[in-house]
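Each value in this text was obtained by applying a stated rule to the coordinates, not by laboratory testing. Owing to the predicted nature of the structure, the values given are computational and were not obtained by experimental measurement. Positions of Cβ are generated from backbone atoms using ideal geometry, with glycine treated the same way; all protein chains shown enter the neighbour counts.
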Amino acid sequence: MPRIGWSDEVSPAEVQRIAEAAVAECSAVRRFDLGVGPLSGSAGAVRFSVTPWEQLVLLHDRLRGAVASVLGPGRPAAEFRPHVGIAYCNRAVPAAPLVARVATLRALPLVTVPVDRVELVLVRRQERAYAWTTLESLMLR
C-alpha cells in the first residue's frame, strides 16, 4: 500500500489527519477476499502473488488520495504490484537458485484470506528484519 513518508518528515498531527482522511476516503470500500499464492522467487525477494487486484488497486488509490489531501500532490506514485512479501535480499544474488528452491511449492493451493481492515503502521528496521507498530486501524464495511 502507499508509503506516506519517513517518520522525521511527517508529523504525528499529519499522520492523524491522514488517518482521518483515510476513514472518509475508504468509507464506501467493502470487505473483500483475496487469493494468496502461488509462491515465487526472484533475485530480490520471495513473495506470494495475490488475486484479484481490482479491490486492492481501488483501496490503494483511495489511500493515496487521503495522503495527498493532507500532504499535497506531487509525491511520485510508485508502481503498485500487489503481493505478500515474505523475504527480501539486501544484496545482488542470482535468481535461478532461489526460483528453483521455491518451484516445488508453487503447486500448493491458493489460500483465501479476508481483507476487512486497513492499518496505518510505522515501519522500522529491527536488526535484519522489518518490524512495525500499528498507529491506526480502519475497519472496512
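Arrange the following residues from fewest to most other Cβ atoms within 10 Å of their Cβ: Leu105, Leu34.
On the way: Leu105 14, Leu34 20.
With the fewest neighbours first, Leu105, Leu34 line up as Leu105, Leu34.
How far apart, in nm, are two points set 7 Å out from the Cα along the Cα-to-Cβ line at Ala131 and at His83?
Result: 2.6 nm between the two label points.
Restricting attention to region 1-107, which chymotrypsin sites (Phe, Trp or Tyr not before Pro) occupy a DSSP loop and are surrounded by at most 16 other Cβ atoms within 10 Å?
Here the sparse-neighbourhood loop sites are Trp6, Trp53, Phe80.
Which residues' amide hydrogens lie under 5 Å from the amide hydrogen of Val115, considering only partners 5 or more residues apart or on another chain, with H built in the peptide plane?
For Val115, whose amide H was placed from the backbone, the distant partners under 5 Å are Phe32, Asp33, Leu34.
Report the GluC sites (Glu not before Pro) located in region 1-49 that are in a DSSP loop and have at most 10 other Cβ atoms inside 10 Å of their Cβ, or state none.
Working: sites: Glu9, Glu14, Glu20, Glu25; in loops: Glu9.
Filter output for region 1-49: Glu9.
Loop only by DSSP, 16 or fewer other Cβ within 10 Å of the Cβ. Give me the trypsin sites (Lys or Arg not before Pro) in region 99-132 that pass, ordered by residue number. Could you put the intermediate results ahead of the total?
Numbers: sites: Arg101, Arg106, Arg117, Arg124, Arg125, Arg128; in loops: Arg128.
Sites meeting the loop and neighbour criteria: Arg128.
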